[in-house]
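See below for the structure under consideration.
The values are calculated or read from the model by the stated rules, or taken from the named source; none is laboratory data. Note that the coordinates shown come from a computational prediction; the quantities given were computed from them, not determined experimentally. Cβ: placed from backbone, ideal geometry, glycine included. Neighbour counts: every protein chain shown. Note: accessible area is taken over every heavy atom of the protein model, side chains too, but ligands, DNA and RNA are not part of it. Shrake-Rupley method; radii C 1.70, N 1.55, O 1.52, S 1.80 Å.
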Amino acid sequence: MKIINRFSTRRLQLLLSWYEQAESCGKVKELIKRLLNLCDRLNDDMAFLQIGFGTGWDGITYGELLQSDEIWFERMVSALRLQRRRSNRLSGDSFPKSRKVEFINKVPNNPLGWVLLNRDCG
């Protein structure tokens, strides 16, 4: 559970830094901040984990591992023509941008897929 929680904390920090630059995402940022705060306070038998399509491409693939060498990753994206609109993407930015959130009245409201794991349940 400790390993899962460390991984999730890194992911939440990454998401928070991305949403800090996005418009109209105040509710999403606040929820992420609350989850980060809770991650610090969980006991050793609990962890947060993001599952499903809410995790984006990097959460359902080996995204973190693939992006560990930024230069190689940028060359691979270019060589395989994985990014059609390269002008919309900064070097080193996540590929592709797949941040799934719930919208209410066209305003981002909640990131998807976060669950609380508890080793003591069942």
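ASN37 meets all of the listed conditions (1) at pLDDT below 90; (2) open to solvent by less than 90 Å² (accessible area, probe 1.4 Å) but one, namely (1).
This table checks each residue for (1) at pLDDT below 65; (2) surrounded by 11 or more Cβ atoms within 10 Å (Cβ to Cβ); (3) aliphatic (A, V, I, L, M).
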{"position": "ARG75", "(1), (2), (3)": "no, yes, no"}
{"position": "ARG81", "(1), (2), (3)": "no, no, no"}
{"position": "LYS97", "(1), (2), (3)": "yes, yes, no"}
{"position": "LEU112", "(1), (2), (3)": "no, yes, yes"}
{"position": "ASP120", "(1), (2), (3)": "no, no, no"}
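Among the criteria (1) at pLDDT 85 or above; (2) part of a loop (DSSP other than H, G, I, E, B), the one SER91 does not fulfil is (1).
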